[in-house]
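Asks: I have a structure I would like to understand better, so I am pasting it below and will then ask my questions one at a time.
Values in this text are rule-based calculations from the coordinates and carry no lab data. Note that this is a predicted model, so its numbers are computed, not measured. Note: ideal-geometry Cβ built from the backbone for every residue, glycine included; neighbour counts use all protein chains shown.
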Amino acid sequence: MALWYGGDYNPEQWPEPVWLEDVALMREAGVNLVSLGVFAWSRLEPAEGRYEFGWLDRVMDLLADGGVGVALATPTASPPPWFSLAHPDALPVTADGVRLTHGSRDTYCASAPAYRQAALRVAGELAQRYRDHPALRLWHVHNEYGTWCHCAHTATAFREWLRRRYGGLDELNDAWTTSFWSQYYSDWAQIQPPLATQYLSNPAQQLDFRRFTSDELLAAYCEQRDLLRTATPGTPVTTNFVLGGWVPVEHWSWSSEVDIVAIDHYPDRAGVAAAEQTAFAADLARGWAGGQPWLLLEQAPNLIYSAGRMLAKEPGQMTRHSLAHIARGSRGAMFFQWRQPVGGAERFHSAMLPHAGADSRIFRESAVLGRLLGELDDPGLVTEPVDIGARTAIVWDDQSWWALQSSGLPTAALRYLEPIQAVHRVLWRAGVPVDFVAPGAELGEYALVLVPSLYLVSDQVAASLTSYVDEGGQLVVWYFSGIADEAGRVRLGGYPGALRELLGVRVEEFLPLAEGEAAPLSTGEHGRDWSERLAVTTAQVVVSYATGLPAITRNHYSRGSAWYVSTWLDDLALARLLAEIAAVAGVAQEQAPPAGVEVVHRRVGSTGWSFVLNHSDAERAVAVRGVDAVDGSEITGLRAVPAGGYAIVRDEQPEL
Ligand code: GAL
């Protein structure tokens with residue numbers, strides 16, 4: 001089994017002679033998998049019930065003959081114009097009540113019966129037609145689920161979902177605290193999706209609507225998956241996840257419904273920061289996959305969108321990012337896209353085969369990368385559980401992220417993603433491997449568990465964190481965690497309600513800091529954004545505010561300890577604190593990798609694979625042992641890696 005390599009392929013955008021050139025160039029580039037038909041619905045079904053598969057038959061055959069496998073997409077992320085005209089009720093409605101029109105993509109309502117039926121029909125036709133095709137390797141359902149709708153169909157489905165969740169209106173009224181501002185519901189029919197409101201809207205309604213939307217989209221995915229599984233029981237089915245604050249997808253529940261977790265990843269920073277984002281996304285994907293191999297289904301070879309400007313990747317970067325994903329468990333490296341289009345909204349988005357053609361730096365780098373991946377011929381890289389030696393875990397919770405986007409929080413500086421990324425980044429720089437785990441997951445294998453921004457904590461999650469510490473774990477909890485229950489209701493008696501006893505602290509008041517304000521600490525460092533009037537009950541003070549109040553504490557609890565951090569630290573201060581805690585937990589690395597260098601040691605069966613990726617602009621030397629997978633040389637000491645380069649070293653007798 002080889003690593004998968006390739007990209008989104010859109011032959012429907014090109015005349016037939018180009019297809020022949022595509023396959024020839026794919027072979028030259030070592031491409032062995034393409035995502036096909038992702039946005040091809042209007043070309044597959046140009047009128048209702050009239051299917052045109054001839055062109056796709058020829059493309060599938062050409063690819064099979066060329067030795068290129070296919071991740072065949074169901075095209076349901078973009079219904080064709082005829083569908084939207086025939087079923088205007090299936091067009092999505094925004095929170096402002098505006099019904100969107102056709103002309104972009106992802107323009108559908110997942111609760112509209114007409115959409116669900118049409119999506120299943122076209123998926124079913126594809127399944128029947130290509131179930132035995134030799135090119136078929138994987139089903140790629142839809143694309144980046146994440147669409148919102150607030151229409152009447154959605155309202156009906158939302159109410160049904162709420163009935164299932166709460167059983168009765170009393171329970172719902174209680175969970176949503178509807179006595180506040182006269183929102184008490186006396187009939188289910190009064191409940192709407194969270195439409196635009198006059199002033200701050202109900203945060204519990206917002207949160208439940210996200211949960212509902214996640215479940216509704218998941219149901220739409222599962223319908224297609226079940227149909228595809230029935231047609232081709234041996235072919236894995238997946239969909240590509242995308243990460244973003246707007247995405248209403250609860251990744252832990254979705255991950256258990258896909259045969260292989262697949263993600264798209266587009267860093268929006270340059271240089272080493274992009275490598276840090278890449279490692280973060282890859283570790284998260286491995287977490288969602290429960291430590292099994294997963295798949296990077298999209299990344300950009302060069303220009304990507306970033307805050308209104310496109311960001312270029314420097315030469316070598318697409319290679320290093322691909323290797324970083326593979327090192328952390330991806331069973332291949334896929335790109336968006338194979339060939340850069342002449343028109344359409346994404347005509348300047350990069351591709352493996354750019355507008356300049358094959359005589360280009362990007363295509364040449366794509367071909368070198370394809371050959372390299374072809375040479376990493378250990379089937380275990382694709383099939384074995386992914387072991388990068390992580391004994392540190394970070395808790396990931398989409399629902400707390402959603403709740404931290406609600407109205408009425410004490411400060412806009414309370415964020416979800418940034419603190420988690422900061423913690424991951426600091427450990428990445430220190431060379432500490434990290435897993436991501438779900439709230440309430442079994443934590444016994446970890447020596448250190450980190451909990452930034454876990455705003456919602458159920459009794460069950462609080463109990464699992466407590467028993468983790470009870471059994472000897474080191475737990476670190478950051479401010480604004482454990483504040484509320486699953487419905488977002490504040491836990492009383494002093495913050496952080498759910499974890500107060502475990503942490504041995506009690507917070508009576510929040511003291512959010514003004515923008516730019518710094519809270520001096522006893523270490524000479526500063527806290528920002530947030531501080532608290534914190535009192536210790538059983539914990540010891542590790543760091544104080546200059547005011548004398550505790551800022552960072554440690555509570556020896558049973559066999560372990562629970563640390564609490566009540567302010568936002570910059571990366572240097574955070575690194576110092578985490579180094580101290582990592583040493584206590586026994587997970588500190590003897591030596592951090594040189595600045596800008598990423599080293600991943602992955603054990604595959606009895607083989608040790610070391611991936612050394614130099615994201616910096618200077619040559620760096622790293623101690624590794626084994627045989628260089630590229631040139632076959634034996635390495636026993638330091639291996640110099642050029643600026644922007646990499647080394648992959650295979651060791652048949654790794655140290656335990
Ligand atoms: C992804 C999407 C692709 C393409 C790409 C551009 O999110 O799945 O279709 O739009 O972004 O970066």
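Asks: With +1 on each Lys and Arg Cβ and -1 on each Asp and Glu Cβ, how big is the dipole of the range 38-118 about its Cα centre, in debye rounded to the nearest 20?
Replies: 140
Asks: With an 8 Å cut-off on Cα pairs and a minimum separation of 6 or more residues, tell me the relative contact order of the chain in percent. Mind showing how you got there, number by number?
Replies: On the way: 1368 pairs, mean separation 68.5, N = 656.
Once divided by the residue count of the chain, the mean separation gives 10 percent.
Asks: If you count, for each residue, the other Cβ atoms within 10 Å and average over each peptide, how do 324-333, 272-281, 80-89 line up from highest to lowest?
Replies: Working: 324-333: 26.0, 272-281: 22.6, 80-89: 16.1.
Top to bottom by mean Cβ count within 10 Å: 324-333, 272-281, 80-89.
Asks: Once you have the Cα-Cα distance between Glu21 and Ala595, take 0.36 nm times their residue separation minus that, and quote the gain in nm to one decimal.
Replies: On the way: separation 574, 0.36 × 574 = 206.64 nm, distance 4.25 nm.
Net length gain for the segment: 202.4 nm.
Asks: To the nearest µm²/s, what D does Stokes-Einstein give for the range 434-561 at 4 °C and 1.567 mPa s, using the Kirkwood radius over alpha carbon pairs as Rh? Could the numbers behind the result be given before it?
Replies: Values: Rh = 15.1 Å.
My calculation gives 86 µm²/s for D.
Asks: Can you list residues whose amide H is under 5 Å from Ser616's amide H, if they're 5+ apart or on another chain and H is modeled 1.01 Å from N?
Replies: So Ser616 has HN proximity to Gly644.
Asks: Find how many whole Å separate the alpha carbon centroid of the range 23-63 from the alpha carbon centroid of the range 399-449.
Replies: If we compute the Cα centre of each part, the gap is 40 Å.
Asks: In square nanometres, what is the average projected area of the Cα convex hull of the chain?
Replies: Values: hull surface 117.1 nm².
Answer in nm², one decimal: 29.3.
Asks: Mind listing P(r) for the range 1-127? All alpha-carbon pairs, 10 Å bins, whole percents.
Replies: Whole-percent P(r) values from 0 Å outward: 12, 39, 28, 16, 5, 0.
Asks: Rank the residues Arg554, Arg137 as a footprinting-exposure proxy: fewest other Cβ atoms within 10 Å of their Cβ go first. Don't jump to the answer; show the numbers that get you there.
Replies: Working: Arg554 22, Arg137 17.
Placing the least packed residue first, the sequence is Arg137, Arg554.
Asks: For the chain, what does -39500 (n - 2.57) per DSSP helix run (n ≥ 4), summed and divided by total residues, give at 222 nm, in deg cm²/dmol to the nearest 500?
Replies: Theoretical 222 nm ellipticity from helices: -10000 deg cm²/dmol.
Asks: Along the charge dipole of the range 408-483, which of Val451, Val476, Pro410 sits closest to the positive end, that is, farthest toward it, with unit charges on the beta carbon of Lys, Arg, Asp and Glu (+1, +1, -1, -1)?
Replies: Value computed over the given set: Pro410.
Asks: Using a 7 Å offset from the Cα along the Cα-to-Cβ direction at both Asp631 and Ala463, what is the distance between the two label points in nm, to one decimal?
Replies: It works out to 5.9 nm between the two label points.
Asks: While we're on this one: Placing +1 at every Lys and Arg Cβ and -1 at every Asp and Glu Cβ, with all other atoms neutral, what dipole size does the range 551-656 have around its Cα centre, in debye to the nearest 20? Could the numbers behind the result be given before it?
Replies: Details: 9 positive and 13 negative charges, 96 e Å.
Dipole about the Cα centre, nearest 20: 460 debye.
Asks: Report the Cys residues of the chain lacking a disulfide-compatible partner, meaning no second Cys Cβ under 4.7 Å from their Cβ.
Replies: Flagged as lacking a Cys partner: Cys151, Cys222.
Asks: Let me know the shape class of the range 172-267, please: from the alpha-carbon gyration tensor, a ≥ b ≥ c as square roots of the eigenvalues, rounded when a/c is under 1.5, otherwise prolate if a/b is greater than b/c, or oblate. Let's see the in-between values first.
Replies: Values: a/c = 3.65, a/b = 2.11, b/c = 1.73.
Prolate shape, in that a/c is at least 1.5 and a/b is the bigger ratio.
Asks: Put a dot 7 Å past each Cα toward the Cβ at Ala643 and Ser360; how far apart are the dots in nm?
Replies: Between Ser360 and Ala643, the simple spin-label model gives 2.6 nm.
Asks: Taking each pair of different alpha-carbon atoms in the range 1-71 once, compute 1/r for the pair, average those values, and report the inverse of that mean as the Kirkwood hydrodynamic radius in Å to one decimal. Can you show the working numbers first?
Replies: Details: mean 1/r = 0.0791 Å⁻¹.
Its Kirkwood hydrodynamic radius stands at 12.6 Å.
Asks: Binning at 10 Å from 0, report for the range 90-199 what percent of all alpha-carbon pair distances ends up in each bin.
Replies: Result, from short to long distances: 12, 32, 27, 18, 8, 3, 0 percent.
Asks: Ranked by Cβ crowding within 10 angstrom, fewest neighbours first, how are Ser531, Ser322 ordered? Kindly include the intermediate steps, with their values, before the conclusion.
Replies: Values: Ser531 23, Ser322 27.
If I rank by nearby Cβ atoms, fewest first, I get Ser531, Ser322.
Asks: Could you sort the peptides 53-66, 160-173 by per-residue average Cβ neighbour count (10 Å cutoff), highest mean leading? Spell out each step's value before the answer.
Replies: Values: 53-66: 16.9, 160-173: 15.0.
Result, highest mean Cβ count within 10 Å first: 53-66, 160-173.
Asks: Let me ask something else about it. Cα atoms only: what Rg and Dmax, in Å, come out for the range 510-641?
Replies: That works out to 20.7, 60 Å for Rg and Dmax.
Asks: Moving on. Starting from 0.36 nm per residue, how many nanometres of slack lie between Ser186 and Trp246 once their C-alpha separation is accounted for?
Replies: Details: separation 60, 0.36 × 60 = 21.60 nm, distance 3.11 nm.
Here the segment from Ser186 to Trp246 would lengthen by 18.5 nm.
Asks: Moving on. Quick one: Cα centre-to-centre distance for the range 500-567 and the range 277-347, in angstrom?
Replies: 38
Asks: Still on this model: In terms of the Cα gyration tensor, with a ≥ b ≥ c the square roots of its eigenvalues, is the range 287-359 rounded because a/c is under 1.5, prolate because a/b exceeds b/c, or oblate? Don't skip to the answer; put the middle values down first.
Replies: On the way: a/c = 2.07, a/b = 1.91, b/c = 1.08.
The shape class here is prolate.
Asks: Let me ask something additional. Using the Cα centre of the chain as the reference point, and only Cβ charges (+1 on K/R, -1 on D/E), how large is the resulting charge dipole? Debye, rounded to the nearest 20.
Replies: Working: 50 positive and 77 negative charges, 72 e Å.
That gives the chain a dipole magnitude of about 340 debye.
Asks: Can you work out ³J(HN,Hα) from phi for every residue in the range 440-456, in order, using Karplus 6.51 cos²θ - 1.76 cosθ + 1.60 and θ = phi - 60°, giving whole Hz and x for Gly and Pro?
Replies: Karplus-based 3J(HN,Hα) across the range 440-456 equals x, 5, 5, 10, x, 7, 9, 8, 9, 10, 10, 10, x, 6, 8, 4, 8 Hz.
Asks: Go through Gln292, Pro433, Leu138 and say which Cα lies farthest out towards the positive end of the charge dipole of the chain; charges sit on Cβ, +1 for Lys and Arg, -1 for Asp and Glu.
Replies: Of the listed residues, the answer is Pro433.
Asks: Sticking with this structure for a sec: Using the 10 angstrom Cβ neighbour count as an exposure proxy, how do Met310, Met318 rank, fewest first? Spell out each step's value before the answer.
Replies: Values: Met310 14, Met318 22.
Least to most surrounded, the residues fall as Met310, Met318.
Asks: If you don't mind, another one. Describe numerically, in nm with one decimal, the distance between label points set 7 Å from Cα along Cα→Cβ at Ser253 and at Val490.
Replies: Placing both labels 7 Å beyond Cα along the Cβ direction yields 2.8 nm.
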